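A quick write-up on the structure given underneath.
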Amino acid sequence: MQSAILRASGLYTPPHSISNEELVVSFNAWVAQENEARSAAIARGDVVALQESSSEFIEKASGIKSRFVVEKQGVLDPQRMSPRLEARPDDALSIEAEIGVAAALDALSAAGLSGADVDGVICAASNMQRPYPAIAIEIQAAIGARGWAFDMNVACSSATFGIEMAANAVRSGSARRVLVVNPEITSAHLEWRDRDCHFIFGDVATATLIERGDISSGGWEILGGQLATQFSNSIRNNFGFLNPAEDADTNARDKRFRQEGRKVFKEVCPMAAAHIEAHLADLGFAPGGVRRFWLHQANLAMNQLIARKLLGREATLDDAPVILDRYANTASAGSVIAFHLHEKDLARGDIGVLCSFGAGYSIGSLVLKKR
């Protein structure tokens, strides 16, 4: 059986950034107009006045300072509070495929390859722009890749699950090279009017090129992958094609991202730490022997707690890099961004762990060795 190599990674960062301060001005303007509209009901005690947000609240709750988005003005418009995107004709490249292609080409360029060298494409993301045709097949056509392509969704764990699927295809001999692409347009499924989550997400696209060991040079050997799922309703998105059939308002609050944040924190942190520790033990490693952890970038306190449980001490940014201060939570792409920006300084033989976790619950981990 062939070894599987994570040969290269790619990153597409949207051109627009929204700071916490900008976001708060927009959110608080919306709160003011809503409270004014509900003033009589608030005075009667029928409803509670909405709370304003603040930059200090956002950073304390999450560690996030800014986020990138594919469109900025619609998000910051108190009358709209969502990105304003133009519909594209069927013969034009979709926006999700477009940013996925940008990340894919970045990964291929880093490896000195072209789309023609790729045998498979997996588009792994928390939300797909449409049910079919698959975004992956659209990306495959746009870059000139061969073979097969398919979409998959395991929410924020999609990237690590996708890489494990690609690695298995390479190991089995059914492909020489597979691209795993993670286009995340999270700004379109975030509820920007909810104070508890209006600051969480940002847009981005990442890609990883998985290659057969006997034709690869450099990169990271994938020593093993471990995937786990456990059903939970604590993170949920009910937006889907059945909503119109249910006569449901697709703009209703419960049709987009929602979570029970405190519950998720308490349940996921110990699960993720135990998952990583058990995975390392299966391969004969201890957490202390890991040079770097590239963890899912959802919340700074979560990452700090998971790393502390693994290392038995406070982790440094060298142990577990953080990128969510600039990028926010980018769903499945977060851990790959951390890897992409913080792997080149490591030495041959170093061990690293790429891990993501999220709705499902789902957890995926990959133990890597620098070649």
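Every number in this text was worked out from the coordinates using simple rules, so none of it is lab data. The model shown is predicted, which means the values in this text are computed figures rather than measured ones. When we count neighbours, we look across all protein chains shown, and the Cβ atoms used for this are built from the backbone with ideal geometry, even at glycine.
Quick notes
- Helices that extend 27 Å or more along their long axis by alpha-carbon positions and average at least 0.0 on the Kyte-Doolittle scale are, among the DSSP H runs of the chain, 261-282.
- Across the chain, the relative contact order, built from alpha-carbon pairs under 8 Å that are at least six residues apart, equals 23 percent.
- When the Gaussian network model of the chain links Cα atoms closer than 10 Å, the mean-square fluctuations of Arg44, Arg176, Arg193 top out at Arg44.
- Of Phe241, Phe357, Phe150, the residue with the greatest mean-square motion in the GNM of the chain, using alpha carbon springs below 10 Å, is Phe241.
- Over all pairs of different C-alpha atoms in segment 109-179, the reciprocal of the mean inverse distance, the Kirkwood hydrodynamic radius, equals 12.4 Å.
- Measuring against 24 Å, Cα to Cα, the residue pairs Lys266/Lys369; Lys266/Lys309; Lys72/Lys344; Lys263/Lys309; Lys266/Lys370; Lys309/Lys369 contain Lys266/Lys369; Lys72/Lys344; Lys266/Lys370 as the ones spanning a longer distance.
- Average projection area in nm² (convex hull over Cα atoms of the chain, one quarter of hull surface): 19.0 nm²
- Choice from Leu11, Leu324, Leu305 with maximal GNM fluctuation in the chain (Cα, 10 Å cutoff): Leu305
- Value in Å of the Kirkwood radius, where segment 221-370 supplies the Cα pairs that are averaged: 16.4 Å
- Within straight-line cross-link reach of Lys65, aspartates and glutamates at Cα separation under 14 Å, skipping those fewer than 8 residues along the same chain: Glu21, Glu22, Glu56, Asp325
- By the count of other C-beta atoms within 10 Å, a proxy for reagent exposure, Thr13, Thr186, Thr250, Thr208 are ordered fewest to most as Thr250, Thr13, Thr186, Thr208.
- When each of Asp46, Asp319 is scored by the number of other beta-carbon atoms lying within 10 Å, the sequence from fewest to most is Asp46, Asp319.
- Distance from the C-alpha centroid of segment 28-89 to that of segment 237-313: 25 Å, rounded to the whole angstrom.
- 222 nm mean residue ellipticity, helices alone, for the chain (DSSP H n ≥ 4; -39,500 (n - 2.57); rounded to 500): -10000 deg cm²/dmol
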